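Chemist: Pasting a structure here, questions to come.
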Amino acid sequence: MTCPRCELKGHQIYTVEGELGKFIFDVEKARRIAFDGHHRAFEVPPDMLQMMLLVNEEHCVEHIDHVDPMRPGILAQRWGGIALIDGNHRARRCLRDQLPFRAFMLDLKESMDCMIQQEQKDLSPELIARELRGMLNNNPQCEMMTVEFSSDENAAASETAVRCLLTDDENARITIHFLDKDHPHFCCRICGSVSYNSNDIAQGYCGQCHAFTGEHC
């Protein structure tokens, strides 16, 4: 019997879904960054690995025995913490066989560069503030963090509400952008959905179709 995972070809992406929304990463780009010779892989604790695998439980059982458990995975940062965007099956094999699993960690900028789609759910100021604080704490070297939200009539009030929940030092390290309908955007020629994400615009990627439906810039 052939393994459906082994037969997959083409540009690889990875989708992470949770209470904060959906995030789609360009795995090929993440690999180019992680394997540039300047990143060092570290061993991921089993309990941390198990928690990350719970985020996306979908996997191909037959494929677990076809992977090289010694090849490092790739971790990226997003709303809600850290996500394993490359190495899902390798991680599962390492847990099953009680082997150490190693992975490269992309910094915040590298993670954002690899994110080609993010679909945020309706977020409360308290949830936004909590996640911003977590990302700031995870990236003490990041002097300024920029976050983007889709615009609505309560945008100004929402930003004020979020900033009231953060300290002065935290606010000084954050720039919040609310994108309106006049902001540069990409419109899918197949389904007509619109994205204001700069990576979607550059790559011609449609999160609704889960495909590159436009021309790459």
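Chemist: Within the stretch 198-216, restricting attention to residues that are in a loop (DSSP other than H, G, I, E, B) and surrounded by 15 or more Cβ atoms within 10 Å (Cβ to Cβ), which residue is modelled with the lowest pLDDT?
Modeler: Within the stretch 198-216, the first condition is being in a loop (DSSP other than H, G, I, E, B), and the residues that meet it are 204, 207-210, 213-216.
Filter once more, so that each one left must be surrounded by 15 or more Cβ atoms within 10 Å (Cβ to Cβ): 204, 207-208, 213-214.
Working: Gly204: 75, Gly207: 64, Gln208: 61, Thr213: 71, Gly214: 69.
Per the criteria, the residue is Gln208.
Chemist: Tell me, yes or no, whether the stretch 157-168 has at least one residue that is over 18 Å from Arg78 (Cβ atoms), at pLDDT below 75 and either more than 21 Å from the chain's Cα centre (by Cα) or not acidic (Asp, Glu) (or both).
Modeler: The answer is yes, given that some residue of the stretch 157-168 is over 18 Å from Arg78 (Cβ atoms), at pLDDT below 75 and either more than 21 Å from the chain's Cα centre (by Cα) or not acidic (Asp, Glu) (or both).
Chemist: Still on this structure: Somewhere in the stretch 108-125, is a residue more than 15 Å from Ile85 (Cβ to Cβ), at pLDDT 75 or above and surrounded by 15 or more Cβ atoms within 10 Å (Cβ to Cβ)?
Modeler: So in the stretch 108-125, the residues more than 15 Å from Ile85 (Cβ to Cβ) come out as 109, 119-125.
Pick out the ones that are also at pLDDT 75 or above and you get 109, 124-125.
Next, from what is left, pick out any that are surrounded by 15 or more Cβ atoms within 10 Å (Cβ to Cβ): 125.
Yes, some residue in the stretch 108-125 is more than 15 Å from Ile85 (Cβ to Cβ), at pLDDT 75 or above and surrounded by 15 or more Cβ atoms within 10 Å (Cβ to Cβ).
Chemist: Same structure, new question: Which members of the stretch 25-45 meet the condition of being in contact with a helix residue (DSSP H, G or I) (Cβ under 6 Å, 6 or more places away or on another chain) and in a helix (DSSP H, G or I)? Can you show your working first?
Modeler: Step one: filter the stretch 25-45 for residues in contact with a helix residue (DSSP H, G or I) (Cβ under 6 Å, 6 or more places away or on another chain), giving 25-26, 29-30, 33.
Once the filter is applied, which keeps residues that are in contact with a helix residue (DSSP H, G or I) (Cβ under 6 Å, 6 or more places away or on another chain) and in a helix (DSSP H, G or I), the stretch 25-45 yields Lys29, Ala30, Ile33.
Chemist: Continuing with the same structure: Kindly evaluate Met135 against the criterion of being modelled with pLDDT of 75 or more and under 18 Å from Val16 (Cα atoms). Please lay out each step first, then the result.
Modeler: Values: modelled with pLDDT of 75 or more: yes; under 18 Å from Val16 (Cα atoms): yes.
When the stated conditions are applied, Met135 passes them.
Chemist: Turning to a different aspect of this structure: Identify all residues within the stretch 46-58 that are surrounded by 14 or more Cβ atoms within 10 Å (Cβ to Cβ) and either modelled with pLDDT of 90 or more or not hydrophobic (A, V, I, L, M, F, W, C) (or both); write none if there are none.
Modeler: Pro46, Asn56
Chemist: Could you please find all residues in the stretch 49-72 being in a helix (DSSP H, G or I) and either β-branched (Val, Ile, Thr) or touching a residue at least 12 places away in the same chain (Cβ under 8 Å) (or both)? Break it down into steps so the answer makes sense when it comes.
Modeler: Keep residues of the stretch 49-72 that are in a helix (DSSP H, G or I), which gives 49-55, 61-66.
Across the stretch 49-72, the qualifying residues are Leu49, Gln50, Met52, Leu53, Val55, Val61, Glu62, His63, Ile64, Asp65, His66.
Chemist: Let me ask something additional. Is there a residue in the stretch 38-45 that is without any contact (Cβ under 8 Å) to a residue 40 or more places away in the chain, surrounded by 13 or more Cβ atoms within 10 Å (Cβ to Cβ), under 22 Å from Met115 (Cα atoms) and touching a Leu at 6+ places or on another chain (Cβ under 9 Å)?
Modeler: So the first thing to find is which residues in the stretch 38-45 are without any contact (Cβ under 8 Å) to a residue 40 or more places away in the chain, and the list is 38, 45.
The next check asks that each one be surrounded by 13 or more Cβ atoms within 10 Å (Cβ to Cβ); those that pass are none.
No - not one qualifying residue is present in the stretch 38-45.
Chemist: Follow-up. Filter the stretch 169-189 down to residues that are of a type in the set (Lys, Arg), surrounded by 11 or more Cβ atoms within 10 Å (Cβ to Cβ) and modelled with pLDDT under 80, then give me how many there are. Explain how you work it out, then say what you get.
Modeler: Start the filter on the stretch 169-189 by keeping residues that are of a type in the set (Lys, Arg), which leaves 173, 181, 189.
Add one more test, that the residue is surrounded by 11 or more Cβ atoms within 10 Å (Cβ to Cβ), and what stays is 173, 189.
Restricting the remaining residues to those that are modelled with pLDDT under 80 gives 189.
Residues meeting the conditions: 1.
Chemist: Taking the stretch 13-37 as the search range and keeping residues that are basic (Lys, Arg) and touching a residue at least 12 places away in the same chain (Cβ under 8 Å), which one is surrounded by the most Cβ atoms within 10 Å (Cβ to Cβ)?
Modeler: Just the residues of the stretch 13-37 that are basic (Lys, Arg), to begin with: 22, 29, 31-32.
The next check asks that each one be touching a residue at least 12 places away in the same chain (Cβ under 8 Å); those that pass are 22, 29, 31.
Working: Lys22: 14, Lys29: 19, Arg31: 16.
Among those residues, the one meeting the criterion is Lys29.
The values are calculated or read from the model by the stated rules, or taken from the named source; none is laboratory data. The structure displayed is predicted, hence computed values, not measured ones. With ideal geometry, Cβ positions are generated from the backbone for all residues, glycine too; neighbour counts draw on all protein chains shown.
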